[in-house]
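Have a look at the structure below before the remarks.
The values are calculated or read from the model by the stated rules, or taken from the named source; none is laboratory data. None of these values were measured; they are calculated from a predicted model. Here Cβ is always computed from backbone atoms with ideal geometry, including for glycine, and neighbour counts include all displayed protein chains. With ligands, DNA and RNA removed, areas are computed over all heavy atoms of the protein, side chains included. Shrake-Rupley method; radii C 1.70, N 1.55, O 1.52, S 1.80 Å.
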Amino acid sequence: MTEEKKIFIAVLITSFMGPFMGSSINIAIPTMAADFGVPAQELSWVVTAYLLGSVALLVPFGRLADIVGRRHLYAVGTLAVAVATFLAGLMQTVPSLIFFRLLQGLALATIFSTGMAMLVASHAPGERGRVIGYSAASTYIGLSLGPVLGGLITQYMGWRLIFFLSAAVNLVSGLIALRVRGEWYGERHGGMDIRGCVLYSAASTMILYGISAYASNPVMRYVFFGGILLLLAFVYEQLHSPAPLIDISLFKSTIFAMSNLAALLNYSATFAISFLLSLYLQLIRGFDASTAGLFLLLQPMMMALLSPRAGALSDRHEPRLVASAGMALTTLGIFGFSFLTAATPMIWVGMVFLLIGTGFAFFSSPNSNAIMGAVEPRFYGVASSMLSVMRISGQAMSMAVVTLLLAVYTASTVAAAVTPAYLTELLAAIQSIFRILAVTCAVGVAASLARGQR
């Protein structure tokens, strides 16, 4: 097997496992809440903690990968993910589970900051859109199988097995990467900007934690604004550092800047969909975990089927137009979900899922292709890290909106037991959240169109 194929397989495995883990846990949230004896919305931190851990080290690990080698850091990080995931499955309390999800996120930062860069660097420019498309397809297959297998595992064997199986598959990816002899570096001169690492990690963590925790503690707004100040200090430091973590001049490119903004807004609008629909299908409509998982399969199934074609299309045509059209379809689908009721026909729910899946497929791969194509090869690591930062920051913002509005709408009925009054307020919260997400996605369409010609 060639070195190129080994990297391709290893990256596709981790592209699959991240979303598989996330979508499996989403479908298991109601069962986990019942096992731990807590309201379902409290377990939103099981999702948020791993996002916080991931974003905190993404950029520092991207720079470290340039120096020590992307393949080396990827292999070590994948093995660390396997260990953290296995230990998370053993935890008996919510706080301990959240802690190990945080560690899992910290380890995943090594994968998010190196996987795309290795994939692009190991293939010819004319194949870039295609291989990115296959990586995206692998991601969406993970999203597709997550609800189905996660629902079956949760219902018949227990949700902890999701963690154990995920750990085993990540271990396989790490072992494949260790067998690769080649290595890919970025700009190795200048060493690590330690001050920049500290400022970035503190700023990103404070911003996302402040947003996520505001629902339970309004004082957290000060943490958020403190993070904004540290982010400004980080940008200033990067402009004057001899070896910056991020070359700020990259953002002078309208394509690079607006494509990243479009990614941030897109993930802010879409990440919470499966979490919200898991609550809707199981708590409001009364489906069991495995049946709900079959409905959640529809959206990522379309993503998996169409992403390679969308990526190849962006090799031949303007990515701006392909991605913007896809995001417009996603906006329509999210807005459609804002009209969900306790009696909405399930065929209508399924059709909206298919629409969102189609739109996301035609946005994701072309947008990633535009970002990676806007930089020189030596900046692939930086571009890959920034794309991951936008994705994970968007996902954390999406969950922050969910956490805040669920807390606000269910404040008068929050309890471990599910009551009719709680379900009424939960449905009202879900409708409001989808309206906000639709507006966010519409703004993302404008950002995507504003990126200019390739």
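To keep it simple, each residue is scored yes or no on (1) surrounded by 17 or more Cβ atoms within 10 Å (Cβ to Cβ); (2) touching a residue at least 40 places away in the same chain (Cβ under 8 Å).
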residue	(1), (2)
M351	no, no
L355	yes, no
S365	yes, yes
S384	yes, yes
T403	yes, yes
L406	yes, yes
Fill in the blank from the handout: Those residues of region 173-191 that are open to solvent by less than 60 Å² (accessible area, probe 1.4 Å) and either farther than 23 Å from V389 by Cβ or at pLDDT 80 or above (or both) come to a total of 7
Practice task
Could you tell me which of the residues L145, L119, L106 is at pLDDT 80 or above and not hydroxyl-bearing (S, T, Y)?
Solution key: L106
Exercise for the section: Provide a single number: the residues in region 194-218 that are surrounded by 21 or more Cβ atoms within 10 Å (Cβ to Cβ), modelled with pLDDT of 85 or more and among the aliphatic types (A, V, I, L, M). Expected result: 4
Fill in the blank from the handout: For D35, the lone unmet condition from (1) open to solvent by 20 Å² or more (accessible area, probe 1.4 Å); (2) over 30 Å from L423 (Cα atoms) is (2)
Practice task
Among the residues of region 333-362, count how many are out of contact with any Gly (no Cβ under 7 Å at 6 or more places or on another chain) and small (G, A, S).
Solution key: 6
Exercise for the section: Give me a count of the residues in region 233-270 that are under 19 Å from S385 (Cα atoms) and assigned to a helix (DSSP H, G or I). Expected result: 25
Practice task
Select from region 235-254 the residues that are of a type in the set (S, T, N, Q) and touching a residue at least 24 places away in the same chain (Cβ under 8 Å) and write down the one among them that is surrounded by the fewest Cβ atoms within 10 Å (Cβ to Cβ).
Solution key: T254
Exercise for the section: Look at region 80-112 and say how many of its residues are open to solvent by 40 Å² or more (accessible area, probe 1.4 Å), touching a residue at least 24 places away in the same chain (Cβ under 8 Å) and either over 20 Å from the mean Cα position of the chain (by Cα) or closer than 14 Å to I162 by Cβ (or both). Expected result: 4
Practice task
Take region 207-230 and flag every residue that is in a helix (DSSP H, G or I) and polar (S, T, N, Q).
Solution key: S212
Exercise for the section: Scan region 318-339 and report the pairs whose first residue is buried (at least 19 other Cβ atoms within 10 Å of the Cβ) and whose second residue is part of a loop (DSSP other than H, G, I, E, B) and of a type outside the set (S, T, N, Q), with Cβ atoms within less than 6 Å and a gap of 6+ or a chain change. Expected result: R320/R451
Practice task
Report yes if some residue within region 3-20 is at pLDDT below 80, among the hydroxyl-bearing types (S, T, Y), within 25 Å of G151 (Cα to Cα) and assigned to a helix (DSSP H, G or I); otherwise report no.
Solution key: no
Completion exercise
If we keep only residues of region 258-279 that are closer than 17 Å to N367 by Cα and of a type in the set (G, A, S), then the residue surrounded by the most Cβ atoms within 10 Å (Cβ to Cβ) is S259
Completion exercise
Counting only helices (runs of 4 or more DSSP H) entirely within region 67-126, those with at least 3 residues that are under 15 Å from V47 (Cβ atoms) are 94-112
Problem - Single residue of I211, I246 found to be under 23 Å from the mean Cα position of the chain (by Cα) and farther than 26 Å from A370 by Cα - result: I211
Problem - Selection from region 140-166 of residues that are of a type in the set (A, V, I, L, M, F, W, C) and part of a helix (DSSP H, G or I) - result: I141, L143, L145, V148, L149, L152, I153, L161, I162, F163, F164, L165
Exercise for the section: Only residues that are modelled with pLDDT of 75 or more and small (G, A, S): list them for region 311-332, please. Expected result: A323, S324, A325, G326, A328
